[in-house]
């Protein structure tokens with residue numbers, strides 16, 4: 001079994017969804033397709049939620065999201081199938097509208113409610129695409145179990161792997177699953193963090209011991225540098241798990257960093273491919289390490305918006321616990337520290 005994940009750009013138009021259909025139907029083995037929300041829809045939902053909580057009148061944003069899906073359906077489907085698919089999406093749009101109305105009336109947006117709203121993007125796209133491919137839909141909420149850390153929930157791996165394995169064992173050839181969404185023990189919808197659809201695909205791959213995890217995106221793979229900055233940047237053909245993790249963590253937004261761990265633990269290769277260029281080689285991520293004699297440096301990535309600050313003073317010299325107090329304060333504000341340099345006089 002292989003797991004194929006398609007990102008927001010890959011499902012952003014009717015033409016791209018047709019490409020997905022060609023890619024999937026050309027596969028020779030059992031396939032689970034994990035999809036993101038239509039490109040830009042999650043950002044629209046964030047805007048809707050924040051406007052509603054602030055009491056700002058919505059100017060047709062919900063109608064625009066609905067129209068976007070219906071336009072794609074009308075392009076992809078014949079008249080009868082198109083009407084059936086639009087009808088199947090109506091309950092989700094009605095549910096979304098009621099939740100947004102509730103946020104507007106209360107004037108408060110909790111992390112739990114925000115997760116509920118953001119999850120509609122994947123719920124809608126996965127239903128649309130499963131109808132187009134005419135394949136079963138696996139409810140990721142029912143098989144990916146987490147704690148109640150809304151916004152970026154922590155996965156219960158043992159239970160999740162058991163539930164995914166059971167659900168996938170019933171798949172005859174192909175199935176579709178929404179990325180990003182999950183649920184807590186009490187049934188509350190949770191999410192795996194922005195970019196979490198990659199993580200969903202990795203969980204599916206690890207649960208079924210997939211032969212490969214394919215991440216289909218809008219680039220040919222990991223590049224040696226940001227092509228918007230370095231014009232001569234080119235695709236890196238192979239990376240190790242640790243190299244991919246480093247590049248992802250430090251700014252290469254090709255893959256969501258937590259994605260790598262579940263497949264690394266099961267030694268499942270990750271293949272980064274371009275939906276717009278399916279015949280391209282892409283980047284293969286595995287445990288195999290090349291010698292690197294010709295290109296000892298695999299790639300260069302960068303992060304913008306980084307702050308550097310220095311704490312110093314005679315009052316710190318010889319005082320025990322300064323580092324603990326500093327990093328404890330940063331952790332409470334969820335500030336990630338990526339580089340530390342400490343003088344010998346600090347303890």
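The values are calculated or read from the model by the stated rules, or taken from the named source; none is laboratory data. Since the structure is predicted, the reported quantities are computational estimates derived from the model, not experimental observations. Here Cβ is always computed from backbone atoms with ideal geometry, including for glycine, and neighbour counts include all displayed protein chains.
Structural remarks
- When residue 239 is tested against (1) under 28 Å from residue 30 (Cα atoms); (2) in a loop (DSSP other than H, G, I, E, B), exactly one condition is not met: (2).
- Among the residues of the range 186-223, the ones that are on the phi < 0 side of the Ramachandran plot and assigned to a loop (DSSP other than H, G, I, E, B) come to 10 in all.
- In summary, residue 98 fulfils each of the numbered conditions (1) touching a helix residue (DSSP H, G or I) at 6+ places or on another chain (Cβ under 9 Å); (2) surrounded by fewer than 14 Cβ atoms within 10 Å (Cβ to Cβ) with the single exception of condition (1).
- Scanning the range 23-56 for residues that are within 23 Å of residue 273 (Cα to Cα) and more than 16 Å from the chain's Cα centre (by Cα) gives 23, 24, 25, 26, 27, 28, 29, 30, 31.
- Here the helices (runs of 4 or more DSSP H) wholly within the range 85-178 that include at least 1 residues being free of Cβ contacts under 8 Å to residues at least 12 places away in the same chain are 157-168.
- For the range 27-43, filtering for residues that are more than 16 Å from residue 64 (Cβ to Cβ), touching a helix residue (DSSP H, G or I) at 6+ places or on another chain (Cβ under 9 Å) and surrounded by fewer than 24 Cβ atoms within 10 Å (Cβ to Cβ) leaves 2.
- Extreme residue, nearest to residue 193 (Cα to Cα), among residues of the range 250-280 that are free of Cβ contacts under 8 Å to residues at least 24 places away in the same chain and outside any loop (DSSP other than H, G, I, E, B): 257
- A residue that is touching a helix residue (DSSP H, G or I) at 6+ places or on another chain (Cβ under 7 Å) and buried (at least 20 other Cβ atoms within 10 Å of the Cβ) occurs nowhere in the range 105-112.
- Residue 80 touching a helix residue (DSSP H, G or I) at 6+ places or on another chain (Cβ under 7 Å), closer than 19 Å to residue 130 by Cβ, in the same structural domain as residue 135 (by TED's automatic domain parsing) and in a helix (DSSP H, G or I): no
- Residue in the range 44-58 that is nearest to residue 69 (Cα to Cα), counting only those that are touching a helix residue (DSSP H, G or I) at 6+ places or on another chain (Cβ under 6 Å) and crowded, with 18+ Cβ neighbours inside 10 Å: 45
- A single member of 145, 170 is in the same structural domain as residue 122 (by TED's automatic domain parsing), under 22 Å from residue 256 (Cα atoms) and surrounded by fewer than 23 Cβ atoms within 10 Å (Cβ to Cβ), and it is 145.
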